[in-house]
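The values are calculated or read from the model by the stated rules, or taken from the named source; none is laboratory data. These numbers were taken from a predicted model, which means no experiment stands behind them. Cβ coordinates were reconstructed from backbone atoms using ideal geometry, including for glycine residues, and neighbour counts include every protein chain displayed. Quick note on the areas: whole protein, heavy atoms, side chains included, nothing else; ligands and nucleic acids left out. Shrake-Rupley method; radii C 1.70, N 1.55, O 1.52, S 1.80 Å.
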Amino acid sequence: MIDLHCHILPEVDDGSKDMQESIAMARKAVEVGITHLFATPHHLNERYVNMKDDIIDCVFYLNKCLQQENIPLTVHPGQELRIHREIFVSLEKGEVLTLDNNGKYLMLELPSGHVPTYTQELIYELLLKGITPIIVHPERNKELIENHNLLFKLVQEGALSQLTSGSIIGLFGKNVKSFSKKIIEHNLAHFIATDAHNLASRGFFLQEAYESITKSFGLNRTFYFKENAELLIRGQSPSIEKPVSIKKKLLGIF
Ligand SMILES: [Fe+2]
């Protein structure tokens, strides 16, 4: 399996504390069936700054250590970028890291409490530059939970979204779990990833999430998510199903 979102890099954010923990996380990832993962440290989330070049160096060093330890896991460079008005300045300065540094997909984090008013415009501008934003864990954003149709608007505009495995199996509470399922049901999710931070409270749970998805939506839906992750890691375009408005469906119009 492939994990697109993980805080495995040592000493860079609120994920792995040191190389020993990173190695332990890598062993666990392999044990649960993950072969490739993107290291996506926080950037500009009001606490952490992790510039593109520093992440690339750190990923190179971690991969070297994994090889020395004979751990069959490949770490790819990524970044969890907090949305901000100056994204295009950061891009020009070379601080922003797209997945695998290929200029195509960007893991974009919204603040947990709201969706900034400029979000739609920023998504539009990123798409114009050929960068597709992947909104990470929309199911945990307070405003998106309250206004279901807002995520539909962002996806309809061209953004993709990634749900967290723990959300799907209820680790963030009932509301987040039920919103996650609604998001999947309405074709508003394109990827499942772990957002693992450690092995204690924020682990992987990817297999458990896929089992839950298979149970609720059938095996085809699980294949859809797994295949999209594979396409992304190969630098190809993921498949996108036509988004359905949650509000309209609830009203029974469609
Ligand atoms: Fe994260």
Considering residues of the range 165-196 that are hydroxyl-bearing (Ser, Thr, Tyr) and in contact with a helix residue (DSSP H, G or I) (Cβ under 8 Å, 6 or more places away or on another chain) only, the residue farthest from the ligand (Cβ to nearest atom)
Ser180
Of the residues in the range 33-46, those that are open to solvent by 30 Å² or more (accessible area, probe 1.4 Å) and either within 16 Å of the ligand (Cβ to nearest atom) or at pLDDT below 95 (or both) number 2
Of all residues in the range 145-157, count the ones that are without any contact (Cβ under 8 Å) to a residue 40 or more places away in the chain and either in contact with a strand residue (DSSP E or B) (Cβ under 8 Å, 6 or more places away or on another chain) or within 16 Å of the ligand (Cβ to nearest atom) (or both).
1
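Looking at the range 123-144, which of its residues are open to solvent by 10 Å² or more (accessible area, probe 1.4 Å) and out of contact with any His (no Cβ under 6 Å at 6 or more places or on another chain)?
The initial filter retains those residues of the range 123-144 that are open to solvent by 10 Å² or more (accessible area, probe 1.4 Å), namely 124-125, 127-132, 137, 140, 142-143.
Within the range 123-144, Tyr124, Glu125, Leu127, Leu128, Lys129, Gly130, Ile131, Thr132, His137, Arg140, Lys142 qualify.
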So Leu91, is it of a type in the set (A, V, I, L, M), under 24 Å from Gln207 (Cβ atoms) and part of a helix (DSSP H, G or I)
no
The range 1-27 - residue that is of a type in the set (S, T, N, Q) and closer than 30 Å to Glu227 by Cβ and, of those, surrounded by the most Cβ atoms within 10 Å (Cβ to Cβ):
Ser16
